[in-house]
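The structure appears right after this line, and notes come after that.
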């Protein structure tokens, strides 16, 4: 078995996240703030006629297979880590499969090859079965007894996630193992394929009824109407809630032979056998074909008016979601629980720490709430994860996101005009390689080993004629790569430094600007371009060198450049350490203090990584 050291790396990663979010003012957990459906509503103490005024409990965090975004789904480590890092009343989810001898186990898929090493143990025993009418090849639980399955170990079924824990020999857990070993505050059983097990002479109904005599099951969900109707009179809804699970709207529900989209229009009927519904998140907040968020539907308010709780599924941190969330999964959860119109009653997540943080720390926090930690937020080329770097779109998005300091990495044109661009090599962020300027390509070892088309080879007008793209290192996640023409025809303007200063000077929402200067020595010696003087001139012309002006930070990896700005007491001088360091000697610190007020270090200098996991912190004595 893998040593506990590997596990500790993961726990450090997650616990550091927990500490960070705990520092945020948690104002959202009081009961009066939540527009969820509560038992008081269903007992008639609160009317559902106006769902905007529902008074419910905080939404449930339902850990699908435990913390399955890190550990193999339904493993003991996944379940335990979920409870360690989630809200105190988190619910753990088990996808119930039945073995040949009728035991309920918790692997996430009917085909055991998707979550175990069964192909190595029983390599020549594949079967082909019809699953919802589709011939499916694999290894299925119905062909093996529990004793036979004890030889298997769970593996990570999502190939884009780490496989570092596949060798830990996590055994398949039975439902009763989860109850006795994990001891969750709440247990959710998902019965995905009752009809399949019935075809193999195994009764899921008998299993859950027998189990309920020994184990408290809080939720039972299924996408099959027939199964839920068969058990609806057998459970007290105050103890066990039955939840109808909707699949994609064009899929067919097997027992009624209707699409889920059609069933969605008859919530009154759903209420006759279920306490709530579980829907894919796009039922509530749809996205279009290019991942832009559309207006929310009325499904939550409609269901609440029928007295049905609403749970949303398919939440993960590591799969692309709407660009509107700016790659922040916390923001996505807040759309479902704190939007002013409604709140879902729970979310099913592979990363339960994130909805826990959203519910306990970030929901219902006013935008003007007092900061708990005074941390300066500095943009990187504006909001360059959302829009092409250093464009007016990127800068305005950063301002609207309430950045503290707006940055401009200064490059210079052939005719001596300084402007903001993420790289001195135009190939990195523009379409210059597809333009008539391709013949300007050259190799300059002092700047980079590869060839490029550099800003100082083109005039200001030449550069402004280019179309900006997302930086090459984030093209896969920049919205403008796939946005419709109407969204990209405007707002992709390259700003001169003068234009940048005009944009920022009268802004009151942030505290200052950061000017970044690199390659100054080469530009002066080989190209006859003094970028330092150009920056000083632009700052002076804009009034930034006068007392009372906005804060100006000047950053460079070159101490000689910084010394030229040292004379002006209105500037904060920032030295960038352009390599990963482990510590700094007292003499090195004193040397830096001679010309700089602060330093920028790489994040790996504080939180080193090993195999994409953080493994501790370094004590930096700067």
Exercise. Answer yes or no as to whether residue 341 is surrounded by fewer than 20 Cβ atoms within 10 Å (Cβ to Cβ), touching a helix residue (DSSP H, G or I) at 6+ places or on another chain (Cβ under 8 Å) and within 30 Å of residue 529 (Cα to Cα).
Key: no
Practice problem: Take the range 426-451 and flag every residue that is crowded, with 22+ Cβ neighbours inside 10 Å and assigned to a strand (DSSP E or B). | Solution: 430
Quiz item: Name the pairs whose Cβ atoms lie under 9 Å apart, with the first residue in the range 75-88 and not assigned by TED's automatic domain parsing to the domain that holds residue 150, the second assigned to a helix (DSSP H, G or I), and 6 or more positions between them or separate chains?
Solution: none
Quiz item: Does residue 375 satisfy the criteria of being touching a residue at least 40 places away in the same chain (Cβ under 8 Å), out of contact with any strand residue (DSSP E or B) (no Cβ under 7 Å at 6 or more places or on another chain) and either assigned to a loop (DSSP other than H, G, I, E, B) or more than 30 Å from residue 298 (Cα to Cα) (or both)?
Solution: no
Self-check item: Filtered residue count, the range 286-308, keeping only those that are part of a loop (DSSP other than H, G, I, E, B) and buried (at least 21 other Cβ atoms within 10 Å of the Cβ)
Solution: 1
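Per-residue answers, yes or no, for (1) within 16 Å of the chain's Cα centre (by Cα); (2) farther than 22 Å from residue 278 by Cβ; (3) not in a strand (DSSP E or B):
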| site | (1), (2), (3) |
| --- | --- |
| 335 | yes, no, yes |
| 343 | no, no, yes |
| 359 | yes, no, yes |
| 371 | no, yes, yes |
Quiz item: Take the residues of the range 452-465 that are part of a helix (DSSP H, G or I) and in contact with a helix residue (DSSP H, G or I) (Cβ under 8 Å, 6 or more places away or on another chain): which is farthest from residue 503 (Cα to Cα)?
Solution: 457
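Among the candidates 584, 596, 538, single out the residue that is assigned to a loop (DSSP other than H, G, I, E, B) and touching a strand residue (DSSP E or B) at 6+ places or on another chain (Cβ under 7 Å).
On the way: 584 fails: touching a strand residue (DSSP E or B) at 6+ places or on another chain (Cβ under 7 Å); 538 fails: assigned to a loop (DSSP other than H, G, I, E, B).
One residue alone meets the criteria, 596.
Scanning the range 593-615 for residues that are over 27 Å from residue 162 (Cα atoms) and without any contact (Cβ under 8 Å) to a residue 24 or more places away in the chain, which turns out nearest to the chain's Cα centre (by Cα)? Show your work before the answer.
At the first step, the residues of the range 593-615 found to be over 27 Å from residue 162 (Cα atoms) are 593-601.
Now narrow it down to the ones that are without any contact (Cβ under 8 Å) to a residue 24 or more places away in the chain: 593-594.
Working: 593: 38, 594: 41 Å.
Selected residue: 593.
Results for (1) buried (at least 20 other Cβ atoms within 10 Å of the Cβ); (2) in a loop (DSSP other than H, G, I, E, B), shown as yes or no for each residue.
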position: 385; (1), (2): yes, yes
position: 388; (1), (2): yes, yes
position: 402; (1), (2): no, yes
position: 407; (1), (2): yes, no
position: 411; (1), (2): yes, no
position: 415; (1), (2): no, yes
position: 419; (1), (2): yes, no
Practice problem: Answer yes if at least one residue in the range 481-492 is loosely packed, with under 15 Cβ neighbours inside 10 Å, part of a helix (DSSP H, G or I) and at pLDDT 85 or above, and no otherwise. | Solution: no
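Of all residues in the range 317-331, how many are outside any helix (DSSP H, G or I) and surrounded by fewer than 20 Cβ atoms within 10 Å (Cβ to Cβ)? It would help to see each step written out before you state the result.
First, pick out the residues of the range 317-331 that are outside any helix (DSSP H, G or I): 317-322, 326-328.
If we keep only those that are surrounded by fewer than 20 Cβ atoms within 10 Å (Cβ to Cβ) too, we end up with 317-320, 326-328.
The total comes to 7.
Residues checked against (1) within 25 Å of residue 109 (Cβ to Cβ); (2) in the same structural domain as residue 142 (by TED's automatic domain parsing); (3) more than 31 Å from the chain's Cα centre (by Cα):
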site	(1), (2), (3)
253	yes, yes, yes
256	yes, yes, yes
267	no, yes, yes
298	no, yes, no
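To keep it simple, each residue is scored yes or no on (1) assigned by TED's automatic domain parsing to the domain that holds residue 460; (2) surrounded by 15 or more Cβ atoms within 10 Å (Cβ to Cβ); (3) modelled with pLDDT of 95 or more.
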site	(1), (2), (3)
474	yes, yes, no
478	yes, yes, no
501	yes, yes, yes
525	yes, no, yes
531	yes, yes, yes
545	yes, yes, no
554	yes, yes, yes
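The values are calculated or read from the model by the stated rules, or taken from the named source; none is laboratory data. Everything numeric here is computed off the predicted structure, so don't read it as measured data. Here Cβ is always computed from backbone atoms with ideal geometry, including for glycine, and neighbour counts include all displayed protein chains.
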